[in-house]
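The values are calculated or read from the model by the stated rules, or taken from the named source; none is laboratory data. Just so we're clear, the structure is a prediction, and the values are computed from it rather than from any experiment. Cβ sites come from the backbone with ideal geometry, for glycine too, and all protein chains shown count toward neighbours. With ligands, DNA and RNA removed, areas are computed over all heavy atoms of the protein, side chains included. Shrake-Rupley method; radii C 1.70, N 1.55, O 1.52, S 1.80 Å.
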Amino acid sequence: MREFGYQRVFDVPGAVALGADPEARYLGGGTNLVDLMKASVERPALLIDVRELPLDRIESTDDGGLHIGATVTNSDLAAHPEVRRRYPALAQAVLAGASGQLRNMATVGGNLLQRTRCAYFTDPARPCNKRNPGSGCAAVKGEHRNHAILGATEHCVAVHPSDMSVALAAFDARVTYETATGPGELPLTEFYLPVGDTPHLETALPPGALITGITLPPAPVAATSRYRKVRERASYAFAIGSVAAALDVQEGAVREVRLAFGAVASRPWRARAAERALTGAPATAEAFAAAADAELAAAKALPHNGYKVTLIRNLVVAVLTELTEEAAR
Amino acid sequence: MSQSTASVITLNINGEKHTLPVDHRTTLLDALRERLDLTGTKKGCDQGQCGACTVLLDGRRAVSCLQLAVAAEGREITTIEGVADGEQLHPVQQAFLDLDGYQCGFCTPGQICSAIAMIEEHAAGWPSAVTADVRPEAEAAPLTAEEIRERMSGNLCRCGAYVSIVRAVARAAQADDAQQPPVSDELARLAGSEQKEGVA
Ligand SMILES: Cc1cc2nc3c(=O)[nH]c(=O)nc-3n(C[C@H](O)[C@H](O)[C@H](O)COP(=O)(O)OP(=O)(O)OC[C@H]3O[C@@H](n4cnc5c(N)ncnc54)[C@H](O)[C@@H]3O)c2cc1C
Ligand code: SF4
Ligand code: FES
Ligand code: FES
């Protein structure tokens, strides 16, 4: 591991002033950054510890939404009564990730910016365009059982590992940030950049930006929502496929639906084609499957991950069926 | 801008202050084991994947292998060496002893620290990934074997002592008056010593 300086910051202007150094990184819980530093994938010269910043609150907004500070831990997010009441799928998504220990350490800002778990990315001996631009992608012809079926290019087929961000994508969350020249905001669905031929450029955040929080707009439909994750063992593993869904059924027809998929792309995948296909359609298993097919028509499977297309289709039908039954109770 | 890559820090461990110089690269786990001779905390994977290095930070469980020592300054650190009350074992330690919640014992300090905090998380009403309804209006989930397995899933045991670990955690949770809601009937049975069937 490269040697590094360490600074604790107590206010946002102090943080972004230090963050202007291109060799600096913000340190949240460290559960991803420290791991990657041990592997020499990340080699910062300075860590700016953000955990003492006054960004650890969850507050209702005037319009009835929620603002979640960037240093709120994953545990506190999932335990918060307003999150559980208004956006239950968000609490479920966070609880489905990592372990009790890691959720106590991990912060909201760090969770959004965690890097892919593609094994070649963390192995500096292998080619990887994301870690070392232009070196190639070892996964395309290698081990890619858990890689992308949507939005990937031959330059990178990695998936984003966050469960939390899948629920956030379904609920139209916005990421707020601060830079040395002022604040800014990005919709979560535009926060992660398309892969293109630049997989090393992952987000639309300006250089040195400090994430200050996430704003969730009011979404009555989110009160009937669910996150379901499939993994290779029952717990403490990353998703091989997941779905966040919210559903409003009136007289047997879909009035409003939100759908996002996890572990299928380099970013949480908001399934807008499926949402369009379902809105106004009867709330039946056939219609749910047809909507999933509408979204998955664009899927391009690799030799070893074709199962994900079926997996996501089945998950969509199962979760929407459960939500229809829940709404009828 | 040149930054110092080492600092003299003071760590508050089990109620005692320890002042030591550290290279910033030092994890809390390595500081405990290699510098302070607190070797109860174990190193399994060193990557956050096994839970053997679990300690309590300000009362909450955390993996010390991904926690930088310098970033732990100012926090209250409790290791397995600090959970007992003098000669009186912590109820979770006693339950692991009574119900054989281990085989080789390597994962045990992490399991015990994790279970101590897990029982408090449940008492505070935190839901888990297997809680059927996470909404605050729903009845708080009673502690079942399924809930214990999910909540303890961040602690792996290479010996596979999980069956008795779940029973030991159940026994300790049952003994804890703060458990609201109380443990499930299934769990009370699991925690009871009559469960030692088959043993002559
Ligand atoms: C064994 C293991 C299993 C896991 N399983 C899952 C899982 O199943 N699902 C899942 O979703 N996740 C999982 N995770 C990942 C975990 O959720 C992330 O590591 C965690 O959320 C990152 O948060 P952090 O605060 O620790 O980030 P850090 O490690 O501190 O930082 C991560 C990145 O974010 C940057 N950063 C941090 N805060 C800010 C800020 N405020 N502004 C700008 N940049 C910032 C850092 O510079 C760094 O680049 C797992 C991790 C481990 C180790
Ligand atoms: S999939 Fe992406 S992260 Fe994995 S080896 Fe290819 S370029 Fe690297
Ligand atoms: S040694 Fe820390 S989790 Fe394995
Ligand atoms: S008792 Fe041996 S690893 Fe758990």
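Observations on the model:
- Of all residues in region A:123-145 being in contact with a strand residue (DSSP E or B) (Cβ under 9 Å, 6 or more places away or on another chain) and either within 14 Å of chain B (Cβ to nearest Cβ) or not in a loop (DSSP other than H, G, I, E, B) (or both), the one that is farthest from ligand 4 (Cβ to nearest atom): A:Cys137
- Any hit, region A:170-178, residues being open to solvent by less than 50 Å² (accessible area, probe 1.4 Å) and in a helix (DSSP H, G or I): yes
- Matching residues, region B:119-136, being within 7 Å of chain A (Cβ to nearest Cβ), among the aliphatic types (A, V, I, L, M) and open to solvent by less than 20 Å² (accessible area, probe 1.4 Å): B:Val134
- Number of residues in region B:6-50 that are within 14 Å of chain A (Cβ to nearest Cβ), in a loop (DSSP other than H, G, I, E, B) and away from ligand 4 (no atom under 16 Å from the Cβ) equals 5.
- Selection over region A:30-64 of residues that are of a type outside the set (Lys, Arg), open to solvent by less than 70 Å² (accessible area, probe 1.4 Å) and within 12 Å of chain B (Cβ to nearest Cβ) gives a count of 17.
- Of the residues making up region A:95-109, none is open to solvent by 30 Å² or more (accessible area, probe 1.4 Å) and either without any contact (Cβ under 8 Å) to a residue 24 or more places away in the chain or more than 16 Å from ligand 3 (Cβ to nearest atom) (or both).
A quick yes/no check of all residues on (1) more than 14 Å from chain B (Cβ to nearest Cβ); (2) within 16 Å of the chain's Cα centre (by Cα); (3) within 11 Å of ligand 2 (Cβ to nearest atom); (4) open to solvent by less than 20 Å² (accessible area, probe 1.4 Å):
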| site | (1), (2), (3), (4) |
| --- | --- |
| A:Leu112 | yes, yes, no, yes |
| A:Tyr120 | yes, no, yes, no |
| A:His155 | yes, no, yes, no |
| A:Asp163 | no, yes, no, yes |
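- Index of the failed condition, A:Thr181 passing every other in (1) modelled with pLDDT of 95 or more; (2) of a type outside the set (Asp, Glu); (3) over 15 Å from the mean Cα position of the chain (by Cα): (1)
- Residue match in region A:20-29 (condition: assigned to a helix (DSSP H, G or I) and more than 9 Å from every other protein chain (Cβ to nearest Cβ)): no
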